Amino acid sequence: MKKITVNADTSYDILIEGGLLKQCGELISQAVKSKKCAIVTDDNVDGLYGDIVVKSLENSGFTVSKLVVPHGEESKSHRQLIALYNFLCENDITRTDFLIALGGGVVGDLTGFCAATYLRGIDYVQIPTTLLAQVDSSVGGKTAVNIDSGKNLVGAFKQPALVITDTDTLSTLSEEIYAEGMGEVVKYGMIRSLPLFEKLSEGSSRKYLDEIIAQCVGIKRNVVQNDEFDTGERMILNFGHTFAHAIEKAAGYGNVPHGKAVAMGMYMITSAAEKQGKVKKGTADRLKKCLEANSLPHEYKISRDDLYRLSIGDKKRTSDKIRVIICAEPGNCEIITLSLNEYRELINLV
Ligand SMILES: NC(=O)c1ccc[n+]([C@@H]2O[C@H](COP(=O)([O-])OP(=O)(O)OC[C@H]3O[C@@H](n4cnc5c(N)ncnc54)[C@H](O)[C@@H]3O)[C@@H](O)[C@H]2O)c1
């Protein structure tokens with residue numbers, strides 16, 4: 001079993017191995033004091049893994065209640081959050097008890113935000129079951145729900161007490177959802193690890209899941225530890241995201257999956273920056289091949305005007321400048337600050 005310890009405002013372990021679900025009761029016993037918990041999961045994940053988790057917890061002496069929410073982004077809502085608070089009250093979950101998020105990023109974000117706010121904060125354990133949740137959303141303590149005005153607009157930093165990553169759960173993911181997670185995985189290679197990038201370029205990630213996930217988590221852990229509250233270095237995790245958000249907006253939210261938008265955003269900014277000489281020759285082509293090897297797209301048809309207009313609303317912009325992340329070569333990224341004119345010039349080369 002791989003163990004990665006995160007030293008944030010609280011310290012916790014991320015355990016990674018195929019088959020861990022069956023041992024989750026025992027593992028959780030070592031990380032929390034209470035013997036009472038509520039599981040939050042979605043209707044897809046519940047059918048696949050709900051019973052295994054409940055059984056393991058009960059075998060370890062836990063009293064368990066479970067709320068199953070509909071799968072999909074709509075469950076990251078205030079309506080669902082209020083239903084969850086009421087469910088916890090009805091099941092007498094007190095301040096010393098804890099929650100378990102069993103599922104993808106939607107369940108993780110909803111449960112994490114609930115844990116940050118219910119009774120002014122209780123513990124929670126993450127059991128991520130999508131690739132994206134295992135390499136990204138379960139690490140770093142960002143939690144949120146959506147409101148009508150936008151995604152993730154109401155949230156909190158709340159670190160889990162433990163993360164249990166059973167890589168076997170990825171065997172039931174559709175190829176489509178798996179590929180979306182690979183968008184973020186390739187991003188980690190690009191920003192921080194040439195060996196990871198090279199391994200991913202072989203296109204056989206499923207053979208090395210434990211190793212790849214541990215490397216991604218290790219990279220995110222290091223970045224998050226340096227910048228827990230997202231005021232500086234953590235921004236490098238947004239490589240590809242400035243264009244990705246514009247692509248998602250142009251397509252209408254939900255029409256281009258986020259992981260694919262990130263893949264396209266990474267390639268498009270790298271190719272434009274390469275034309276300006278900011279990136280080593282051939283890097284965009286290497287990235288394109290790596291994305292293709294992982295069933296990911298690299299380009300989106302969007303006018304330069306739309307790309308500019310829809311991306312300058314990005315939160316990395318101040319009144320007349322925008323910060324973007326550029327990888328001069330795989331494994332090596334930097335944050336650069338551009339005037340809006342310089343940003344426009346970059347976009348003109350996309
Ligand atoms: N907190 C963070 O730092 C952070 C980072 C990135 C993304 N996010 C959030 O994560 C969310 C997206 O997460 P996601 O991509 O995991 O989506 P998701 O949670 O909606 O899961 C995708 C689909 O996969 C299904 N599923 C989950 N595990 C499965 C399994 N093992 N086998 C079969 N099906 C399974 C789910 O039921 C769902 O239908 C977004 O809301 C995004 O904002 C948060």
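Laboratory data are not the source of any read-out in this text; all were calculated from the coordinates shown. Bear in mind that the values here come from a model prediction, so they are computed numbers and not experimental data. Glycine gets a Cβ as well: all are built from the backbone with ideal geometry, and neighbour counts include every protein chain shown.
Of note:
- Set of segment 1-39 residues, backbone N closer than 12 Å to the point 7 Å along the Cα-Cβ line of ASP168: 17-24
- About its Cα centre, segment 175-347 has a charge dipole of approximately 300 debye under the convention of +1 per Lys or Arg Cβ and -1 per Asp or Glu Cβ, with nothing else charged.
- Nearest 10 degrees, 0 to 90: helix 283-293 Cα axis against the chain principal axis: 40 degrees
- Looking at segment 74-168, the trypsin sites (Lys or Arg not before Pro) that sit in a DSSP loop and have at most 15 other Cβ atoms within 10 Å of their own Cβ are ARG95.
- For the residues GLY240, GLY254, GLY121, a GNM of the chain with alpha-carbon springs under 10 Å puts the largest fluctuation on GLY254.
- Cα gyration tensor shape of segment 41-121, rounded if a/c is under 1.5, else prolate or oblate by comparing a/b with b/c: oblate
- Each 20 Å bin from zero holds the following percent of Cα-Cα pairs in the chain: 31, 56, 12, 0.
- DSSP-assigned coil residues among trypsin sites (Lys or Arg not before Pro) in segment 1-56, each with at most 16 further Cβ atoms within 10 Å: LYS33, LYS35
- Per residue convex hull volume, Cα atoms of segment 2-172, in Å³: 98 Å³
- When the Cα positions of ALA261, PRO297, SER339 are compared along the charge dipole of segment 175-347, SER339 comes out farthest toward the positive end, with charges on each C-beta of Lys, Arg, Asp and Glu.
- With the convex hull of the Cα atoms taken as the outline of segment 191-244, the averaged projected area works out to 4.4 nm².
- As a rough footprinting exposure proxy, the listed residues GLU274, GLU292, GLU329, GLU175 were ranked by other beta carbons within 10 Å of their own, and the order from fewest upward is GLU175, GLU292, GLU329, GLU274.
- Placing R0 at 41 angstrom, the Cβ-Cβ distance between TYR85 and ALA251 gives a FRET efficiency of 0.75 after rounding to 0.05.
- Dipole-positive endmost among ALA8, ILE325, ILE52 within the chain (Cβ charges, Cα centre): ILE325
- Acute angle (nearest 10 degrees) that the helix 258-275 long axis makes with the longest principal axis of the chain, alpha-carbon atoms: 30 degrees
- Dipole magnitude of the chain about its Cα centre (Cβ charges: Lys, Arg +1; Asp, Glu -1), debye to nearest 20: 780 debye
- Degrees between helix 105-117 axis and first principal axis of the chain (Cα, 0 to 90, nearest 10): 60 degrees
- Kirkwood Rh in Å, taken over all unlike Cα pairs in segment 175-347: 16.1 Å
- Exposure proxy ranking, count of Cβ atoms within 10 Å, fewest first, for THR172, THR130: THR172, THR130
- Looking at segment 265-296, the trypsin sites (Lys or Arg not before Pro) that sit in a DSSP loop and have at most 11 other Cβ atoms within 10 Å of their own Cβ are LYS281.
- Entries of LYS142/LYS281; LYS2/LYS280; LYS36/LYS151; LYS3/LYS321; LYS260/LYS321; LYS2/LYS199 with Cα pairs more than 29 Å apart: LYS142/LYS281; LYS2/LYS280; LYS36/LYS151; LYS3/LYS321
- Net dipole in debye of segment 102-233 [+1 Lys, Arg Cβ; -1 Asp, Glu Cβ; about Cα centre; nearest 20]: 220 debye
- Neighbour-count order for PHE157, PHE229, fewest beta carbons within 10 angstrom listed first: PHE229, PHE157
- The chain, helix-only ellipticity at 222 nm - DSSP H runs n ≥ 4, -39,500 (n - 2.57), divided by all residues, nearest 500: -12500 deg cm²/dmol
- Of the residues TYR178, LEU237, ALA250, the one whose Cα sits farthest towards the positive end of the charge dipole of segment 170-251 is LEU237 (charges of +1 on Lys and Arg Cβ, -1 on Asp and Glu Cβ, taken about the Cα centre).
- By DSSP, the beta bridges lying fully in segment 2-172 are antiparallel in about 30 percent of cases.
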